[in-house]
Amino acid sequence: MHSLEIDCQTVKQKLDSHHPFLLLDCREQEEYNLVHIPESRLLPMSEIQQRVSELDEHRTTEIIVYCHHGMRSMQVTAWLLQEGFTNVKSMQGGIDAWSCDIDDSKMRY
């Protein structure tokens, strides 16, 4: 596993234990409306460059980014690290892996 990635089982454990971190959904609004992880915050990849200041309070806290399959979240993770965020990871496999491995009530698309 790439060092910038985290598996969805670990993310689920963090949520269950109320570990403080920001779960960032970088998909588009329409995708988020279809299916998302309730604890997540939507900030689409297409808007993140304009809206990155909204994340300023999280510059040193843990951020876990997810998308549909893990491609966009890896790009967003790399970009946030370049922007000076210190603790960012991408959830491997995205919401699709979450639907398969964690919560099979979540719709797949």
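Just so you know, all these numbers are worked out from the coordinates, no wet-lab data involved. Only a predicted model underlies this, so the values are computations on that prediction, with no experimental measurement involved. Positions of Cβ are generated from backbone atoms using ideal geometry, with glycine treated the same way; all protein chains shown enter the neighbour counts.
When the Karplus curve 6.51 cos²θ - 1.76 cosθ + 1.60 is applied with θ = phi - 60°, which whole-Hz ³J(HN,Hα) does each residue of region 38-44 get, with x for Gly and Pro?
x, 6, 7, 10, 8, 9, x
Would you order Val52, Val88 from fewest to most other beta-carbon atoms within 10 Å of each residue's own beta-carbon?
The most exposed by this proxy come first: Val52, Val88.
Name the residue from Leu81, Leu43, Met71 whose Cα lies farthest towards the positive end of the charge dipole of region 5-101, charges +1 on Cβ of Lys and Arg and -1 on Cβ of Asp and Glu.
The residue sitting most towards the positive pole is Leu81.
I want to check the label-to-label distance for Ser46 and Met107. Put each point 7 Å from Cα in the C-beta direction and report it in nm to one decimal.
Taking the two extended label points, one gets 1.8 nm.
Give me Val65, Val35 sorted ascending by neighbouring Cβ count inside 10 Å, so fewest comes first.
Val35, Val65
Based on the mean of other beta carbon atoms within 10 Å per residue, what is the order of 10-16, 53-59, most packed first?
My ranking of the peptides, most packed first, is 10-16, 53-59.
Can you tell me the relative contact order of the chain? Whole percent, Cα pairs under 8 Å, sequence separation 6 or more.
Computed over the chain, the figure is 33 percent.
From a point 7 Å beyond the Cα of Arg59 in the direction of its Cβ, which residues of region 66-105 have a backbone N at a distance under 16 Å?
80-88
Would you list which aspartates and glutamates come within 18 Å of Lys106, measuring only between C-alpha atoms, while excluding same-chain residues fewer than 8 positions from it?
Leaving aside aspartates and glutamates fewer than 8 places away in the same chain, those within reach of Lys106 are Asp7, Asp16, Asp25, Glu28, Glu30, Glu31, Glu39, Asp96.
By a straight-distance test (C-alpha under 16 Å), which lysines pair with Lys89 as possible cross-link partners, with residues fewer than eight away in the same chain excluded?
Lys12, Lys14
Starting from the amide H of Arg41, placed 1.01 Å from N in the peptide plane, find each other amide H under 5 Å away whose residue is 5 or more places distant or on another chain.
Those qualifying (amide H under 5 Å, at least 5 residues apart or on another chain) are Leu23, Leu24, Asp25.
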